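Novice: This is the structure I have questions about; it appears just below.
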Amino acid sequence: MNEPDVELVIGSEPWHRACSMYVRYRVFVMEKSIAREDEFDQYDEVGRAYANLLVHGEPVSTGRFLLTESGTARLTRIATLAPHRGKGYAREIIQKLEEYAKNTNVLCINIHSELTAKPFYEMLGYQPTSEIYLEDGEWCKTLTKNLR
């Protein structure tokens, strides 16, 4: 990511959360018609870590890190604004979150992937570990990656 005016940040400051919610509202609520009440959940709390990629200061891609139990985490709400897809930004978000996970002693990451995104996550080393299920109106499968 050596593009000018592109910045990849991770943190739990209020502005990190705001950047993430901006992208998620546009992608999940407006574009995919997921109910606001389903998109913004009990996991969007103070202190939650978010990764955001900004282009010229505008948030265009995001992901959320949830520590689920000792040594295990879940990456959620991975999203990129439509005009910025295909540029590798989501891959960079995931790699940043994986780096963050390693620094917090997480050994295993799960992602609840929509079926349409499953090949993308598999390309990044995630393996299917569940049957297909319905989540927020989308057919999903859990994928897992060991970081050891």
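The values are calculated or read from the model by the stated rules, or taken from the named source; none is laboratory data. Because the structure is a prediction, the values reported are computed rather than measured. Quick reminder, even Gly has a Cβ in these numbers, built from the backbone with ideal geometry, and neighbours come from all protein chains shown. For the accessible areas, the whole protein counts, side chains as well, though only heavy atoms, and no ligand, DNA or RNA atoms are used. Shrake-Rupley method; radii C 1.70, N 1.55, O 1.52, S 1.80 Å.
Novice: When a/c reaches 1.5 or more, the comparison of a/b and b/c decides; with that in mind, is region 74-145 rounded, prolate or oblate per its Cα gyration tensor? Spell out each step's value before the answer.
Specialist: Details: a/c = 1.82, a/b = 1.07, b/c = 1.70.
Judged from the Cα gyration tensor, region 74-145 comes out oblate (a/c at least 1.5, b/c at or above a/b).
Novice: Using Cα-only point scatterers and the Debye equation, what is log10 of I(q)/I(0) for the chain at each q in 0.10, 0.14, 0.17, 0.19 Å⁻¹, rounded to two decimals?
Specialist: -0.31, -0.64, -0.98, -1.26
Novice: Right, here's the next one. Using a 1.4 Å probe on the protein chains only, how many percent of the accessible area of region 14-145 belongs to carbon and sulfur?
Specialist: On the way: 3440 of 6610 Å².
About 52 percent, which is the carbon plus sulfur part of the accessible surface.
Novice: OK, next. For region 54-64, in order, what is each residue's ³J(HN,Hα) by Karplus, 6.51 cos²θ - 1.76 cosθ + 1.60 with θ = phi - 60°, in whole Hz (x at glycine and Pro)?
Specialist: Result, rounded to whole Hz: 10, 10, 6, x, 8, x, 10, 8, 8, x, 10.
Novice: I need the shape label for region 1-50. Rule: rounded when a/c is under 1.5, else prolate if a/b > b/c, else oblate, with a, b, c from the alpha carbon gyration tensor. Display every interim value, and only then the final one.
Specialist: Details: a/c = 3.39, a/b = 1.36, b/c = 2.50.
Here region 1-50 falls in the oblate category.
Novice: Per residue of region 125-135, what does 6.51 cos²θ - 1.76 cosθ + 1.60 with θ = phi - 60° give for ³J(HN,Hα)? Whole Hz please, x for Gly and Pro, Karplus curve as stated.
Specialist: x, 8, 10, x, 9, 8, 7, 6, 9, 9, 9
Novice: Assigning unit charges at the beta carbon (Lys, Arg +1; Asp, Glu -1) and nothing else, what dipole magnitude in debye, to the nearest 20, does the chain show about its Cα centre?
Specialist: Values: 18 positive and 22 negative charges, 69 e Å.
So the dipole magnitude of the chain works out to roughly 340 debye.
Novice: Which of 77, 17, 36 ends up with the largest GNM mean-square fluctuation for the chain, with Cα atoms connected below 10 Å?
Specialist: Evaluated over the chain, the most mobile residue of the options is 36.
Novice: Here is a further query. Amide H of residue 34 versus every other amide H placed in the peptide plane: which residues, excluding those fewer than 5 positions away on the same chain, fall under 5 Å?
Specialist: Long-range HN contacts for residue 34: 29.
Novice: Right, another one. Quick one: accessible area per residue over the chain, 1.4 Å probe, rounded to a whole number of Å²?
Specialist: Details: 7880 Å² over 148 residues.
Ligands and nucleic acids excluded, the figure is 53 Å² per residue.
Novice: In whole Hz, with x marking every Gly and Pro, tabulate ³J(HN,Hα) for region 65-74 from phi via Karplus 6.51 cos²θ - 1.76 cosθ + 1.60, θ = phi - 60°.
Specialist: Those phi angles translate into 10, 10, 7, 9, 6, 4, x, 10, 9, 10 Hz.
Novice: Does a label point 7 Å from the Cα of residue 85, set along Cα-to-beta-carbon, have any residues of region 108-139 with amide nitrogen under 15 Å, and which are they?
Specialist: Residues 114-121 fall inside that zone.
Novice: Sort 38, 5 by heavy-atom solvent-accessible area, probe 1.4 angstrom, most to least. Mind dumping the intermediate values first?
Specialist: Working: 38 70, 5 95 Å².
The residues order as 5, 38, largest area first.
Novice: Taking amide H atoms as placed 1.01 Å from N in the peptide plane, list the residues 5 or more away in sequence, or in a different chain, whose amide H sits under 5 Å from that of residue 129.
Specialist: Distant-sequence amide H within range of residue 129: 142, 143, 144.
Novice: Can you list residues from other chains, or at least 5 along the same chain, whose modelled amide H is less than 5 Å from the amide H of residue 78?
Specialist: Close amide H contacts, sequence-distant or interchain: 64.
Novice: Right, something else. Can you compute the FRET efficiency between residue 5 and residue 26 using 1/(1 + (r/R0)^6), with r the Cβ-Cβ distance and R0 = 25 Å? Round to the nearest 0.05. Walk me through the numbers before you get to the answer.
Specialist: Working: r = 20 Å, r/R0 = 0.79.
Efficiency computed from Cβ-Cβ geometry: 0.80.
Novice: Placing +1 on the Cβ of each Lys and Arg and -1 on the Cβ of each Asp and Glu in the chain, which of 146, 28, 81 has its Cα farthest towards the positive end of the resulting dipole?
Specialist: 146
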